[in-house]
Amino acid sequence: MIRTEKLEVRTKGENDIINITQKVDSILQKLGAKEGIANLFLQSTTSALTIIEYEEGLLTDFPRTLERLAPKNAPYEHEKAWGDGNAHSHMRSSLIGVSMTVPVIDGRLALGQWQSIVLTEFDVRPRKRTVIVQFVSSSSTE
């Protein structure tokens, strides 16, 4: 059985890190999830999904680390073609990724104590993002 919902998230633009754990959990409750997996897919090429400990230090460290890996002001061919200032955003999205799978046990996301699902915005302007949340189980009674 597969059940699908969409989660809409508005971002403030570059380096916005939004904890979506509770929203995903609410969707799973709505879908009647018991045992299975939650597949999350972000329809974007300039933002990403990941799991972090959602605390102030890491909220500062995460963008700093990505700046070292895919600097904003590095020369990118994408800028020559489009000139929209977001080539680094595409690189960062590719490095982190736009999908994940989390086990669902007893109707809850099987996250560790400090784990939070976050949407990370890398684009240079505010955006409306869509996360596809699919709950997959082996039986229609779950």
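Values in this text are rule-based calculations from the coordinates and carry no lab data. Source: prediction; values computed, not measured. Ideal geometry is used to build each Cβ from the backbone, glycine not excepted, and the neighbour counts take in all protein chains shown.
The calculated P(r) of segment 11-82, using every Cα pair and 5 Å bins from 0, goes 3, 11, 17, 20, 17, 12, 9, 6, 3, 1 in percent. Shape index of segment 2-136: Rg/Rh, with Rg the Cα radius of gyration and Rh the Kirkwood radius from the inverse mean 1/r over Cα pairs, equals 1.01. Residues PHE62, PHE122 in ascending order of nearby Cβ atoms (within 10 Å, fewest first): PHE62, PHE122. Bridgeable lysines around LYS6 (alpha carbons under 18 Å apart, same-chain partners fewer than 8 residues away excluded): LYS23, LYS30, LYS128.
Overall, segment 64-142 carries a charge dipole of about 240 debye about its Cα centre when +1 sits on the Cβ of Lys and Arg and -1 on the Cβ of Asp and Glu, all other atoms neutral.
Taking THR65, THR130, THR11 in turn, the Gaussian network model of the chain (Cα-Cα springs below 10 Å) assigns the largest fluctuation to THR65. In percent, rounded to a whole number, the relative contact order of the chain is 54, using alpha-carbon pairs under 8 Å and six or more apart.
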